[in-house]
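Asker: One structure, as structure tokens, below. Some questions next.
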Amino acid sequence: MAGTCDICGNKTGFLNQFRCQDGILCKDCYKIVSNHYSSTIAGSSLTELKKIHARNSRPIELGEDGFCITKKIGTFLLLDQKNHKFCLLSNQQITGTYTRPEIFRFEQLERYELLSEPALTFDQLAALPASKNVKENSALQDSPPAADRISDIFHSAAVRSRGAFCVSQNEISCDTRKTVIRKLAVQLHLTNGLSREILIIPSPVRVSSLAFRQGLKSAEEIMNAFKTQT
């Protein structure tokens, strides 16, 4: 049965209408209020959804000089080296939650730091031994980005002791390849007290795994990008 979207007023068909507590939404409005289909609206009121729609439907502010993509680092970061800007992407594949991309100027970045659990420096992390399989696959290139069009992009503490890193009292191992890194991220400290976290490894991985090596490589690329622009 056809209906009318209670947000935009467009007609909805039987297969493309989505119900909230007290209303009906079309597919386009549902996409906006559900953060690209990442959440449900059945328990939300129409008033709440209208506020979310008004906030999320606003165009991303590119600035007078726009945003020209000159480099992309995975699903984490876009660079506009011409206009000295960077864009933090949603990174939903890693975080599990859709967030609107944010654009900052490099002048807004006061400092950045690598975060890991347990807390290790980049050099300490890089020194951890990889497994044989990881070494054999080290020449593999990262998968190409699924989409590079700007419309798709913008809308779419450890202890060293006798060769062992002690993750916790229950995870001490003499074989550092069994060490587990629970989290890896790059923390950005911006002007006006703002901070953003680029999450790279969200859940525990062994340092001997390919996932850890790829994550560490991404962290290095992100930090090098900021280093050369600030």
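Asker: Are any of the pairs K71/K217; K31/K85; K183/K217; K27/K72; K11/K31 more than 21 Å apart by Cα-Cα distance, and if so, which?
Answerer: In this structure, K31/K85; K27/K72 exceed 21 Å between Cα atoms.
Asker: Right, next: What's the FRET efficiency of H189 with K71 using the Cβ-Cβ distance as r and R₀ = 22 Å, to the nearest 0.05?
Answerer: The computed FRET efficiency comes out at 0.50.
Asker: I'd like the distance between the alpha-carbon centres of the stretch 191-215 and the stretch 1-50, rounded to an integer number of Å.
Answerer: With the stretch 191-215 and the stretch 1-50 each reduced to a Cα centre, they are spaced 34 Å.
We did not get these values from a lab; they are worked out from the coordinates using the rules stated. Since we're looking at a predicted model, the values are computed, not measured. Positions of Cβ are backbone-derived with ideal geometry, glycine not excepted, and every protein chain shown enters the neighbour counts.
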